[in-house]
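S.K.: To start, I am sharing the structure in question, which I have written as structure tokens.
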Amino acid sequence: MIGTAGRIASFALAAGVTRVAYEGLRRRVAEGRGAPAGHGEPDDGPWTRVNYAGRAVDLYAGPAVAVGAAVGTGSGPAAFAVLAAGACGAYDDVKGDHRRGFRAHLAALRGGEVTSGAVKLLGIGAASLVTGALLKERAVDKVLAGVVIAGTAHLVNLVDVRPGRAGLTVLALGAPGLLRGSLAAAPMGAVTAVLGDDLGERTMLGDTGAHALGAAVGSGIAVGNGRIGLAVHAAGLVAAAAWAEWNGGLGGASSGTGAASAGAEGAAAGSGGVSAGSGGAEA
């Protein structure tokens, strides 16, 4: 009963904080333009994007879900991972360029140029390893947890190519984690608070929200699994990242639904199936 109450409280807190933050950002910008909150088209600023349909939408859902998920976790290490991933994603949202894929950003880094993608790769990777070290006791588990957190943050960002896809992926990946703890409830509550606006093409998560939510889900997976479960998740996430790197994404922007959904379903199935290994894997 206490566990259920904790999950509900975490979900509700994350959803509430996210909604308040999102509406506050929209209201502040609208008032700056002299328009009622929620009225008019988004202004042409760094927190506005043109989506796949050519419609201008804001990116306010990103920082809102990052704050909401961090507050809702109730875990210092997990909140650190969420906020660090969100900050790196925000840098890319504002300073990002046309280059895509690890190879392009690493090639630029070898040439002495620090791209926004390199900031995400190194920043989220380092924060994830720190979080893994704080969540787990044994060295191998610490590294595996870091890989899972960073890999999940990357996966959620990969599927964020159409309205609602990243949000639905977070819900699919987080649901099995509810059976083992309340940490997974935070990103689920945060994304639920803005999912309608995302699907309605009024806002998008951007790299800020996708990476933050992914880090929150990954933290929940790390906490809820032992060594075997962590290894299975890490292998699946690395494989998904490698596939996307060599194939230009998980199925591409126009045909990615099946591949992205399959990846999410596979990871979610792994979340449920590896829990048996959690009990003795850290011994």
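The values are calculated or read from the model by the stated rules, or taken from the named source; none is laboratory data. Only a predicted model underlies this, so the values are computations on that prediction, with no experimental measurement involved. Note: ideal-geometry Cβ built from the backbone for every residue, glycine included; neighbour counts use all protein chains shown. Just so you know, the surface numbers come from the protein's heavy atoms only, side chains and all, with ligands and any DNA or RNA stripped out. Shrake-Rupley method; radii C 1.70, N 1.55, O 1.52, S 1.80 Å.
S.K.: In region 7-32, what count of residues is obtained for those that are in contact with a Gly (Cβ under 7 Å, 6 or more places away or on another chain) and among the acidic types (Asp, Glu)?
M.R.: 0
S.K.: What about residue 189, is it among the small types (Gly, Ala, Ser) and farther than 21 Å from residue 58 by Cα?
M.R.: So residue 189 fails the test.
S.K.: Mind telling me which of the residues 228, 221 ends up being modelled with pLDDT of 95 or more and open to solvent by 30 Å² or more (accessible area, probe 1.4 Å)?
M.R.: Numbers: 221 fails: open to solvent by 30 Å² or more (accessible area, probe 1.4 Å).
Selected residue: 228, the only one of 228, 221 that is modelled with pLDDT of 95 or more and open to solvent by 30 Å² or more (accessible area, probe 1.4 Å).
S.K.: Checking residue 186 against (1) under 13 Å from the mean Cα position of the chain (by Cα); (2) of a type in the set (A, V, I, L, M); (3) assigned to a loop (DSSP other than H, G, I, E, B): exactly one of these is not met. Which one?
M.R.: Result: residue 186 fails condition (3) only.
S.K.: So which of 132, 196, 181 ends up being surrounded by 15 or more Cβ atoms within 10 Å (Cβ to Cβ) and in a helix (DSSP H, G or I)?
M.R.: Just one listed residue meets the conditions, 132.
S.K.: In addition: With respect to residue 64, determine if the residue is open to solvent by less than 40 Å² (accessible area, probe 1.4 Å) and free of Cβ contacts under 8 Å to residues at least 60 places away in the same chain.
M.R.: no
S.K.: Among 175, 127, which is the only one that is at pLDDT below 95 and either in a helix (DSSP H, G or I) or open to solvent by 40 Å² or more (accessible area, probe 1.4 Å) (or both)?
M.R.: Among 175, 127, only 175 is at pLDDT below 95 and either in a helix (DSSP H, G or I) or open to solvent by 40 Å² or more (accessible area, probe 1.4 Å) (or both).
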